[in-house]
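**Student:** If you scroll down you'll find the structure; I have some questions about it.
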Amino acid sequence: MDRVRRALGRQPSSSSEYEPLNGAEEATALEGSTQLEGQHDLPFSWMEYSIFALLGVAMLWAWNMFLAAAPYFASRFAGDAWIQANFQSAILTVSTITNLGAMLVLTSIQYSASYPFRINLALIINVITFSLLTASTVLGLGVSPAVYLVFLLVMVAGAATAAGLIQNGAFAFAASFGRPEYMQAIMAGQGVAGVLPPIAQVITVLAFPPAEKEQNEGPSAQDGQASAFVYFLTAVAVSVAALLSFIPLVRRHNHIIENRMIEQMAESMHSVEEAERASRKVTSLWRLFQKLHWLAIGVALTFIATMFMPVFTTKIHSVKEGSGPLFQPNAFIPLGFFFWNLGDLSGRIATMMPFSLQHRPFALFSLAVLRFGILPLYLLCNIGGRGAVVSSDFFLSLYRPAGLWCDQWLAWLELYDGVG
């Protein structure tokens, strides 16, 4: 319990919290990051890079698994038309509110934070959450849709809390190594986490298709049971792998910090962790917002636009639904998420292009507002099997990644500009 109190303890008030962001003598320390005095250049390690990439995969794997599993969840809610139509919006709402709340709490107590503890706790929560989801594919198949919805939203809240813990902890932990490549490794891992889960689901659905009798009778709790079991179990394996690989990274981190702090540790500091905390500089969220208001609002608007996409993606069917198993909702919807996340990954990579709007915050904000103008194009697609204005799956496969490419390109430019 002492360790939990130390990890989640409140930051004592300090006048340094109100110092100017761009002081002449001190560099800016963004909230949620760790800036240590006396940092020295460390040799790059592919092993450490790979571990940070795996942490990035674990960071977003859970969220993307909830999105890709939408057809299976829909089959569990087949007995209640209202829940079946609105469960995806409920998942997004609970996830967003829980994650935002967790991030606000965690960023307010940065000074006393133990980042390795937050990362480990997040991975353990993910293991428990997806173990329960895996068990739910073979147990309790006869429960009512309302009961399963409550269970699912509790699992979503757990995964969102874990996401807040690992997002806050992993980036700050990577920053303490003083190697910008490790920050990029986390972001690359996030992109991989977006692409792999829908591919895994498409493969498992094609490998374990619902029986023809079940398809003729309509959706039921048994639809996609085998495939859901496989990809929920895969999520458990990813979190366990990240948890085990993180152990040597923590040891390496402690050794680095010990070398940096050896001359700064006072008698009252009984551990390397305490010495690291003593060297942190923290800036309040309100002070950051005053300085970066256009970028902050732009990021918020960009991600709000992004959140519309999963809702539409789960409702859009192929215009060739009877042409084969790949065009059935169980495979076509996760295939849509694959293209969606392919745009996400390419948008992150596109920020490295020479053309940039960095240091033009109002221009980035304006583009974020204009981004909402292309959302109505979803209405041209085959929503709920009611027919499409543009009768082409190819149009949809281009529109999805293009939309998220814009979102991620804008979001990461805004984030980079804020850091710069």
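Quick note: the coordinates plus some simple rules give every number you see, no bench work behind them. Small disclaimer: the values here were computed from a predicted structure and weren't measured. Here the Cβ is made from the backbone with ideal geometry for all residues, glycine too, and neighbour counts use every protein chain on show.
**Student:** Going by a ≥ b ≥ c, the root eigenvalues of the Cα gyration tensor, does region 73-205 fall in the rounded group (a/c under 1.5), the prolate group (a/b larger than b/c) or the oblate group?
**Tutor:** Details: a/c = 2.42, a/b = 1.80, b/c = 1.34.
It comes out prolate by the Cα gyration axes.
**Student:** With r as the distance between the Cβ atoms of PHE362 and GLN290 and R0 = 22 Å, compute the FRET efficiency 1/(1 + (r/R0)^6) and round to 0.05.
**Tutor:** After rounding, the FRET efficiency stands at 0.90.
**Student:** If you count, for each residue, the other Cβ atoms within 10 Å and average over each peptide, how do 171-177, 316-322 line up from highest to lowest?
**Tutor:** Values: 171-177: 23.0, 316-322: 17.0.
Top to bottom by mean Cβ count within 10 Å: 171-177, 316-322.
**Student:** Can you give me the Cα centroid spacing of region 141-182 and region 91-131 in angstrom?
**Tutor:** With region 141-182 and region 91-131 each reduced to a Cα centre, they are spaced 6 Å.
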